[in-house]
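Peer 1: First the structure, which I've put down as structure tokens, then a few questions once you've had a look.
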Amino acid sequence: MNSWRKTFISFVALFASLVIAVAFIVNGVLSRASDVSKKSPSGQYLIESVPAGSILTPRDSVYLRFTDLNDPGRVYRTPLFSDVSLDMSADEDEETVGVIFIALSKKSKQFTLALSNPRKHWMDFFISNTPYKVLEN
């Protein structure tokens with residue numbers, strides 16, 4: 001029985017260490033400064049490209065962070081995608097705000113991604129805090 005207890009404690013310690021390591025990495029990715037930022041044409045939204053490359057993500061990964069400047073506590077994050085498909089030309093109309101291939105619905109607060117090769121990554125669960133749909137090409 002004593003051997004079983006040691007094995008269980010070792011497993012719990014290993015699992016806790018893994019959870020803590022993932023939490024530190026995710027926190028680091030979420031708190032990074034942007035490498036490119038633009039204001040939307042109306043000036044209401046700040047759109048930032050944030051590098052997300054880490055030990056757990058591909059090197060060319062980024063996500064977009066949209067901050068509603070009228071309510072800075074409202075931040076919307078896309079899932080991860082490759083920065084090679086990113087064009088930060090800001091666009092806005094009555095219904096949406098975004099950049100080329102990525103738009104945020106002002107009403108439903110949902111992203112529409114028109115990326116040619118979107119890749120799903122398990123870190124999207126932690127990075128993206130906004131519903132999204134991918135348009136088929």
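The values are calculated or read from the model by the stated rules, or taken from the named source; none is laboratory data. In this text the structure is predicted, and so the values were computed from the model without any measurement. Virtual Cβ from ideal backbone geometry, glycine too; neighbours counted across all protein chains shown. These area figures cover heavy atoms from the full protein model, side chains too; ligands, DNA and RNA do not enter into them. Shrake-Rupley method; radii C 1.70, N 1.55, O 1.52, S 1.80 Å.
Peer 1: Starting from residues that are among the aromatic types (Phe, Trp, Tyr) and open to solvent by 80 Å² or more (accessible area, probe 1.4 Å), keep the ones in the stretch 107-125 and report whichever is nearest to the chain's Cα centre (by Cα).
Peer 2: So the residue we want is 125.
Peer 1: Just checking, which of 91, 83 is within 14 Å of the chain's Cα centre (by Cα) and among the acidic types (Asp, Glu)?
Peer 2: 83
Peer 1: Restricting to the stretch 90-106, and then to whatever is without any contact (Cβ under 8 Å) to a residue 24 or more places away in the chain and either over 20 Å from residue 128 (Cβ atoms) or among the hydrophobic types (A, V, I, L, M, F, W, C) (or both), can you tell me which residue is most open to solvent (accessible area, probe 1.4 Å)?
Peer 2: Start the filter on the stretch 90-106 by keeping residues that are without any contact (Cβ under 8 Å) to a residue 24 or more places away in the chain, which leaves 93-96, 100-101, 103, 105-106.
Retained after the next criterion (residues that are either over 20 Å from residue 128 (Cβ atoms) or among the hydrophobic types (A, V, I, L, M, F, W, C) (or both)): 93-95, 100-101, 103.
On the way: 93: 80, 94: 172, 95: 136, 100: 67, 101: 105, 103: 29 Å².
Step by step, filter the stretch 90-106, then rank; the result is 94.
Peer 1: Given 130, 57, 67, which one is hydroxyl-bearing (Ser, Thr, Tyr), within 23 Å of residue 25 (Cβ to Cβ) and at pLDDT below 90?
Peer 2: 57
Peer 1: Continuing with this model, one more query. So the check is Cβ under 8 Å with 6+ separation or different chains; which pairs have a first residue in the stretch 60-74 that's within 17 Å of residue 96 (Cα to Cα) and a second one that's open to solvent by less than 20 Å² (accessible area, probe 1.4 Å) and of a type in the set (D, E, K, R)?
Peer 2: That search, which allows pairs on different chains as well, returns 74/68.
Peer 1: Oh, and also: Of all residues in the stretch 1-26, how many are under 16 Å from residue 61 (Cβ atoms) and either without any contact (Cβ under 8 Å) to a residue 12 or more places away in the chain or touching a strand residue (DSSP E or B) at 6+ places or on another chain (Cβ under 6 Å) (or both)?
Peer 2: 1
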